[in-house]
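Derivation of every value follows stated rules applied to the coordinates shown; laboratory data play no part. Owing to the predicted nature of the structure, the values given are computational and were not obtained by experimental measurement. Here the Cβ is made from the backbone with ideal geometry for all residues, glycine too, and neighbour counts use every protein chain on show.
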Ligand SMILES: NC(=O)c1ccc[n+]([C@@H]2O[C@H](COP(=O)([O-])OP(=O)(O)OC[C@H]3O[C@@H](n4cnc5c(N)ncnc54)[C@H](OP(=O)(O)O)[C@@H]3O)[C@@H](O)[C@H]2O)c1
């Protein structure tokens, strides 16, 4: 199926690595021009080079979205690039529980996940409206529907992101601009890999090995079957891949999805279940 994305421009925040990089490359595969974003100049340039090799325009914009004024500047660069598809992907996750989390941890979760989405979207909306067609796609998490007791700040911030998607979709009524959310399950990315390695190291340090994040005898090597069993039991029976998320984003970004608005599309192998 031709998604009819050729020639559209897109900004994908946090596309210098992980899920965002795969979203950027998948949109490019569909003919989109892509503005790659991140903080690491070398990593962002590498993604942009891979995209340019596909014969579509790719540029880079850098900046920490939690710094004052940066989200707005990134959005203005996207406006000038001609991006009418915004993918709010950047959203750091850290582990905190109810006993240990401090106000600064809660602030960091919201400053990393909620405010960049608000600030980039607000700044870009006038040009999307003027264009009469546009997409705001925000990356949520399975933690929205199944809040994680070891990631309480992140779970709450991602719930806010889904809530915001609904109000934004209604706010944009009649504009030709839709707002949707894609909530990944547990996806194999560099950040998740680092988290599993830390858990494995912590378990090894306690001398009990890990039945969830590493096979005995292979310290530091995450064990997919163990992680699925303990952290991500889902009917599909595997971890997610960035491509799983990117395919969903590409569909929602496309004109094929003109009638899909205000949804949370869960791409999680069924981990959250359906009533
Ligand atoms: N992986 C999962 O299992 C999973 C599950 C559910 C939801 N999600 C969500 O999916 C999205 C992508 O996840 P991921 O695993 O691909 O994450 P990731 O590997 O941590 O993504 C890192 C990307 O985000 C950028 N980034 C992070 N903080 C930033 C900041 N303050 N300012 C600017 N850029 C920033 C990084 O830029 P630099 O590296 O250039 O600094 C990089 O491009 C996130 O919203 C995450 O919460 C992930």
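Highest mean first, how do 82-88, 170-176 rank when packing is the count of other Cβ atoms within 10 Å averaged over residues? Walk me through the intermediate numbers first.
On the way: 82-88: 26.4, 170-176: 12.3.
Packing proxy ranking, top to bottom: 82-88, 170-176.
Under the rule a/c < 1.5 gives rounded, and otherwise a/b versus b/c splits prolate from oblate, where does the stretch 22-142 land using the Cα gyration tensor? All intermediate terms of the calculation are to be shown ahead of the outcome.
On the way: a/c = 2.07, a/b = 1.57, b/c = 1.32.
Taking the square roots of the gyration eigenvalues as a ≥ b ≥ c, the stretch 22-142 is prolate.
Using the count of nearby Cβ atoms within 10 Å as a rough guide to exposure, how do 33, 224 rank from fewest to most? Mind dumping the intermediate values first?
Values: 33 21, 224 14.
Going from sparsest to densest Cβ surroundings: 224, 33.
Cα axis of helix 41-52 to longest principal axis of the chain: angle in degrees, 0 to 90, nearest 10?
Taking the Cα atoms of the chain, the angle to 41-52 is about 60 degrees.
How many angstrom lie between the Cα centre of the stretch 82-104 and the Cα centre of the stretch 108-174?
After rounding, the separation between the Cα centres reads 10 Å.
Sort 115-122, 102-109 by the packing proxy (mean of other Cβ within 10 Å over each peptide's residues), most packed first.
Numbers: 115-122: 20.6, 102-109: 14.5.
Highest-to-lowest ranking by the protection proxy: 115-122, 102-109.
Efficiency by 1/(1 + (r/R0)^6): what FRET value for residue 175 and residue 225, r their Cβ-Cβ distance, R0 = 41 Å, to the nearest 0.05?
Details: r = 46 Å, r/R0 = 1.13.
Once the sixth-power term is evaluated, E becomes 0.35.
Please list 246-252, 9-15, 195-201 highest first by mean number of surrounding beta-carbon atoms within 10 Å per residue. Walk me through the intermediate numbers first.
Values: 246-252: 22.3, 9-15: 28.4, 195-201: 18.4.
Peptide ranking by packing, descending: 9-15, 246-252, 195-201.
Kindly provide the helix-only [θ] at 222 nm of the chain, computed as the sum of -39,500 (n - 2.57) over DSSP H runs of four or more divided by all residues, to the nearest 500 deg cm²/dmol?
Details: 9 runs with 120 residues, N = 275.
Helices in the chain give a 222 nm mean residue ellipticity of -14000 deg cm²/dmol.
I'd like the distance between the alpha-carbon centres of the stretch 18-36 and the stretch 239-254, rounded to an integer number of Å.
Measuring centre to centre over Cα atoms gives 10 Å.
What's the angle, to the nearest 10 degrees (0 to 90), between helix 242-253's Cα axis and the longest principal axis of the chain?
It works out to around 30 degrees.
Would you mind estimating how fast the chain diffuses translationally, via Stokes-Einstein at 20 °C and 1.002 mPa s with the Kirkwood radius over Cα pairs, in µm²/s? Before the final figure, lay out the partial values.
On the way: Rh = 19.0 Å.
In µm²/s, the coefficient rounds to 113.
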